[in-house]
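A.B. asks: For reference, the structure I am asking about is given below.
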């Protein structure tokens, strides 16, 4: 399968504030399974961490979600089964090769799901099957989330999210 066959643009979602961005994240988090990878890209202040807070809540963690800008990796345990949601922030990495220093291979092989902020900085390290979300900020509180599926599992995840959004589920 070629890279162009794996890439599949699904849809865009617009939110009107932090609460609705977190609610979108919560819907994504409820759909996550072990080994799912979400890559987040967008400018500073676009809402990557707010979306991740929602994802973690939907995943089922009672932990407080904070940006791992300085720690690079935060781990959040799901209350129901102790599965881990890994939250990475690659903003401070100076090159893609720095992904090795944070143990990305081990994280991607671990039991749990992964959310990576500033994922474009480590694009060469990302798995083929992942959900890519680009966040744009066209107005003050408005955010536009563009979803691209890279692979069959990510396509399934985004399709289920689209169905929920359209069906009001």
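A.B. asks: So which of 143, 130, 92 is closer than 21 Å to residue 46 by Cα and out of contact with any strand residue (DSSP E or B) (no Cβ under 9 Å at 6 or more places or on another chain)?
C.D. replies: Details: 143 fails: out of contact with any strand residue (DSSP E or B) (no Cβ under 9 Å at 6 or more places or on another chain); 130 fails: out of contact with any strand residue (DSSP E or B) (no Cβ under 9 Å at 6 or more places or on another chain).
Checking each option against the conditions leaves just 92.
A.B. asks: Please state which one of 121, 143, 155, 165 is within 19 Å of residue 55 (Cβ to Cβ), modelled with pLDDT of 90 or more and either surrounded by fewer than 21 Cβ atoms within 10 Å (Cβ to Cβ) or out of contact with any helix residue (DSSP H, G or I) (no Cβ under 6 Å at 6 or more places or on another chain) (or both). Break it down stepwise before answering.
C.D. replies: Values: 121 fails: within 19 Å of residue 55 (Cβ to Cβ); 143 fails: either surrounded by fewer than 21 Cβ atoms within 10 Å (Cβ to Cβ) or out of contact with any helix residue (DSSP H, G or I) (no Cβ under 6 Å at 6 or more places or on another chain) (or both); 165 fails: modelled with pLDDT of 90 or more.
Sole residue among the options that is within 19 Å of residue 55 (Cβ to Cβ), modelled with pLDDT of 90 or more and either surrounded by fewer than 21 Cβ atoms within 10 Å (Cβ to Cβ) or out of contact with any helix residue (DSSP H, G or I) (no Cβ under 6 Å at 6 or more places or on another chain) (or both): 155.
A.B. asks: Okay, moving on. Kindly provide the set of residues from region 91-117 that are assigned to a helix (DSSP H, G or I), surrounded by fewer than 21 Cβ atoms within 10 Å (Cβ to Cβ) and modelled with pLDDT of 85 or more, ordered by number.
C.D. replies: If we filter region 91-117 for residues that are assigned to a helix (DSSP H, G or I), which is where we start, we get 96-102, 104-109.
From the residues that got through so far, the ones that are surrounded by fewer than 21 Cβ atoms within 10 Å (Cβ to Cβ) too are 96-98, 100-102, 105-109.
If the condition is that a residue be assigned to a helix (DSSP H, G or I), surrounded by fewer than 21 Cβ atoms within 10 Å (Cβ to Cβ) and modelled with pLDDT of 85 or more, then 105, 106, 107, 108, 109 are the ones that fit.
A.B. asks: Condition test on residue 155, is it in a helix (DSSP H, G or I), in contact with a strand residue (DSSP E or B) (Cβ under 6 Å, 6 or more places away or on another chain), in contact (Cβ under 8 Å) with a residue 40 or more places away in the chain and more than 14 Å from residue 14 (Cα to Cα)?
C.D. replies: Criteria met by residue 155.
A.B. asks: Answer yes or no: is there a residue in region 12-28 that is in contact (Cβ under 8 Å) with a residue 40 or more places away in the chain and within 15 Å of residue 114 (Cα to Cα).
C.D. replies: yes
A.B. asks: From 88, 128, 51, which residue is within 17 Å of the chain's Cα centre (by Cα), crowded, with 22+ Cβ neighbours inside 10 Å and not in a strand (DSSP E or B)?
C.D. replies: Among 88, 128, 51, only 51 is within 17 Å of the chain's Cα centre (by Cα), crowded, with 22+ Cβ neighbours inside 10 Å and not in a strand (DSSP E or B).
A.B. asks: May I pose another question? Among the residues of region 26-48, write down those that are in a helix (DSSP H, G or I), at pLDDT 95 or above and in contact with a strand residue (DSSP E or B) (Cβ under 9 Å, 6 or more places away or on another chain). Quick ask: steps written out before the conclusion?
C.D. replies: First, pick out the residues of region 26-48 that are in a helix (DSSP H, G or I): 26-31, 48.
From what's left, at pLDDT 95 or above: 26-31.
Residues satisfying the conditions are 28, 29.
A.B. asks: Also, I was wondering about something else. Just one of the numbered conditions (1) surrounded by fewer than 16 Cβ atoms within 10 Å (Cβ to Cβ); (2) closer than 16 Å to residue 121 by Cα; (3) in contact with a helix residue (DSSP H, G or I) (Cβ under 9 Å, 6 or more places away or on another chain) is not true of residue 38; which one?
C.D. replies: Tallying (1) surrounded by fewer than 16 Cβ atoms within 10 Å (Cβ to Cβ); (2) closer than 16 Å to residue 121 by Cα; (3) in contact with a helix residue (DSSP H, G or I) (Cβ under 9 Å, 6 or more places away or on another chain), residue 38 fails exactly one: (1).
The values are calculated or read from the model by the stated rules, or taken from the named source; none is laboratory data. The shown structure was predicted, so the numbers you read here are calculated from the model rather than taken from an experiment. As a convention, Cβ positions derive from the backbone with ideal geometry for all residues, glycine included, and neighbour counts pool all protein chains shown.
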